[in-house]
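Values quoted throughout were computed directly from the atomic coordinates according to the rules given, and no laboratory measurement underlies them. Just so it is clear, the structure is predicted and the values come from calculations on it, not from any experiment. Cβ atoms come from the backbone with ideal geometry, glycine included; neighbour counts cover every protein chain shown.
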Amino acid sequence: MASQIADTPLLALPRTNMLVTFRPFRIAQRLSGARPYTTKPEKQLPFIYQYGTPLVKCVLIATVTNLALQQWWTSLEYVEYRKDMDAEINQLNDKIKDLEARIEKSSVEIRK
């Protein structure tokens with residue numbers, strides 16, 4: 001359809017080649033981007049045919065955005081959790097080293 005509009009000339013010479021015909025309606029259509037089949041619908045289309053594609057696109061974009069944000073949030077929570085657990089592991093290792101040092105010290109005192 002678009003190729004037909006693009007292929008038709010703005011100015012057309014009649015068969016007699018005497019007068020140049022002018023098509024203002026075609027020019028207005030090209031400038032406004034209006035499509036002839038959308039200007040006067042013959043019947044009202046059902047809702048799903050009229051708005052289905054934009055609704056599907058909107059839902060798809062919302063779903064993808066939601067999943068991406070959830071993944072990002074989960075990764076941030078994991079980094080925070082990992083940092084907390086590493087700190088706790090280091091604290092427990094320090095306690096173990098301290099207890100081992102106390103046990104070693106007390107065993108040396110007992111042997112004396």
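Taking a Cβ cut-off of under 12 Å around residue 88, the surrounding Lys, Arg, Asp and Glu residues balance to a net charge of 0, with basic ones at +1 and acidic ones at -1. Which FRET efficiency value, to the nearest 0.05, do you get for residue 57 and residue 79 by plugging their Cβ-Cβ distance into 1/(1 + (r/R0)^6) with R0 = 30 Å? For residue 57 and residue 79, the calculated efficiency is 0.35. Extension gain for the segment residue 86 to residue 103, taken as residue separation times 0.36 nm less the Cα-Cα distance, is 3.6 nm to one decimal. Normalise the Debye intensity by I(0) for the range 43-112, one equal point scatterer per Cα, no solvent, then take log10 at q = 0.26 Å⁻¹ and round to two decimals. Computed log10 I(q)/I(0) values: -1.03.
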